[in-house]
Amino acid sequence: MQILHNPSTLSHSILELVGSRLIPAYESPARISSILSALSSRPITHCTTDIDAALHAASKVHTADYLQHLRTIFPQSLEAGLIEPSGTLLPECFPSARLPGYKARNKTPTDLSARTGWYAFDLSSGIAEHTYTAALASADLARRGALAIADGEKTVFAMCRPPGHHCGKDVMGGYCYLNNTAIAVKTLLGELDDDSQGQISILDLDFHHGNGTQEVFYADQNPTYVSIHGEGEYPYFSGAPEEKGEGKGKGYNLNLPISCSQDVTWELYSPRIQQAIEKLKAVRTKYLVVSLGFDTFCNDPVGKFCLAREDYGKMGRIVGELGLPTLVVLEGGYVVEELGNNCAEFLRGLEAGKASVEVEAAVEEEVKLDDSDKLDKTCEWEKVEKSEAVNGSYTNGYTNGYCNGYKTVVNGHGRR
Ligand code: SP5
Ligand code: ZN
């Protein structure tokens, strides 16, 4: 597994309005520190931002005027004396669809305050000194992850921050400035020879509906977008099951909301995961991009589900059992002390799930390749008790390495 990190993602730090108080946003640099420390036993690739490549990739999702706004609004507001250097720029007025003249006014306002609201849909995506730098670093991780997958890497975790799934082609919101997942998918599509050979699916497991990702791909049949999220929760105005896609994309958008009126523990959550997996199989997914939020964790300050740490292991395993090349892109998750542990648990489950199907595939292949007589004579399998990883080795009820021919096949299946 490749784990991709860029230290610039920690430079962005904003305030947000919660109730009547302006406080440091829940989406904080400490989230990444928590994950780094929980994953410290694994190799982590430290990346720098390839600005040109990141901007090029971002331009496949976002409009040029939006990208320019994101780059310039902070320094220009500073210059105009609207904010302090250490401040967070927040919108004061939005172009509401209910204001008369909204439709006629499809021209970007020049007034800086008006422009700030024009490109945002809420107050949880303030802009600070390093927001642009960090957002570009985050998008670049997603881009690099997609390239790695296209290059044959089987599992990649992109430690993106700020997150991306609420961000549309020209609108920020919900802590999101660039849609990292959408950028990864566009990058991957650009690398694949033929769309029909490479159905990509997005599985969005953040507590909140990924309105931005849905918007970007709503009319497309590649990728498929599947989301499990809190029903009627933020961002409030999207995420209903009736939203199924349009035009060629009809049937390629699946929303699976869960009501928060009861405690949503694994018991209520897992049937939805199964439904999502069925959809991913039905569209013949070849590449999977997971928009992974951990704000489904019990007592998350902006989520209402109640998943436990071990549930992320189960979730990872179920996703891993699809046996697909998988890019995991970090979205939300705000119980900072547990975020790293939850994340490590998901990745462990993901690898265990993948390993279990690789063993199955290897055994099938071995039986096909070899005459089964020989296989019976030369191989002695040792059964292990639990279907779990043994010393980081293969799972599925067998220990590794008892038959040379078998082991060769397993290794040939891309153990890393
Ligand atoms: C990426 C991501 O997870 N973004 C989430 C942004 C959510 N921001 C606003 C959440 C508002 C929750 N309101 C709770 C009201 C409690 N009374
Ligand atoms: Zn979220």
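Here are some notes:
- Quotient of Cα Rg and 2.2 N^0.38 Å for the stretch 91-132, N being how many residues it contains: 1.24
- Charge dipole magnitude, Cβ of K and R +1, D and E -1 - the chain, Cα centre, debye nearest 20: 600 debye
- Which of T265, I44, L136, positive extreme of dipole for the stretch 2-361 (C-beta unit charges): L136
- Overall shape of the chain was characterised from the C-alpha gyration tensor. The equivalent ellipsoid obtained from it has semi-axes of 40, 21, 21 Å, in decreasing order.
- Histogrammed with a bin width of 10 Å, the alpha carbon distances of the stretch 243-298 distribute as 18, 47, 29, 6 percent, first bin at zero.
- Here the gap between S59 and L22, fully extended at 0.36 nm per residue and compared with their Cα-Cα distance, gives a gain of 10.1 nm.
- Cross-link pairs exceeding 21 Å in C-alpha to C-alpha distance, out of K107/K186; K186/K314; K248/K281; K281/K304; K304/K354, comprise K107/K186; K186/K314; K281/K304; K304/K354.
- Against the main long axis of the alpha-carbon atoms of the chain, helix 180-191 sits at an angle near 60°.
- Each peptide in 80-90, 275-285, 41-51, 166-176 was scored by the mean count of other Cβ atoms within 10 Å over its residues; highest first, the order is 166-176, 275-285, 80-90, 41-51.
- Averaging the Cα positions of each part gives two centres, and for the stretch 220-246 and the stretch 292-357 these lie 20 Å apart.
- Within the stretch 47-204, the percentage of alpha carbon pairs spaced more than 27 angstrom apart rounds to 29%.
- Projecting the Cα atoms of M1, P75, T110 onto the dipole axis of the chain, where Lys and Arg carry +1 and Asp and Glu carry -1 at the beta carbon, places T110 farthest toward the positive end.
- Degrees, to the nearest 10: 336-369 long Cα axis against longest axis of the chain: 40 degrees
- Residue (of I318, L254, T296) at the positive-pole extreme of the stretch 2-361, dipole from beta-carbon charges: L254
- Near L89, the amide H atoms lying under 5 Å from its own belong to I127, A128; only residues 5 or more places off or on other chains count, and H is placed 1.01 Å from N.
- Acute angle (nearest 10 degrees) that the helix 131-150 long axis makes with the longest principal axis of the chain, alpha-carbon atoms: 30 degrees
- Stretched out straight at 0.36 nm per residue, the stretch from T48 to T72 would grow longer than its current Cα-Cα span by 6.5 nm.
- Ellipticity estimate at 222 nm from DSSP helix runs (n ≥ 4, -39,500 (n - 2.57)) divided over the chain, nearest 500: -12000 deg cm²/dmol
- Evaluated at q = 0.17 Å⁻¹: base-10 log I(q)/I(0), Debye formula over Cα of the stretch 137-234: -0.73
- Amide hydrogen neighbours beyond the local backbone of F157, cut-off 5 Å, H modeled: Q2, I3, L4, V328
- Karplus 3J(HN,Hα) series, Hz, for the stretch 254-261 with 6.51 cos²θ - 1.76 cosθ + 1.60 (x for Gly, Pro): 10, 9, 10, x, 10, 5, 9, 6
- Counting DSSP beta bridges with both ends in the chain, the antiparallel % (nearest 5): 20 percent
Each reported figure results from applying straightforward, stated rules to the coordinates on display, with no laboratory input. This is a predicted model, so every value here is computed, not measured. Heads up, the Cβs are rebuilt from the backbone with ideal geometry, glycines too, and the neighbour counts pull from every protein chain shown.
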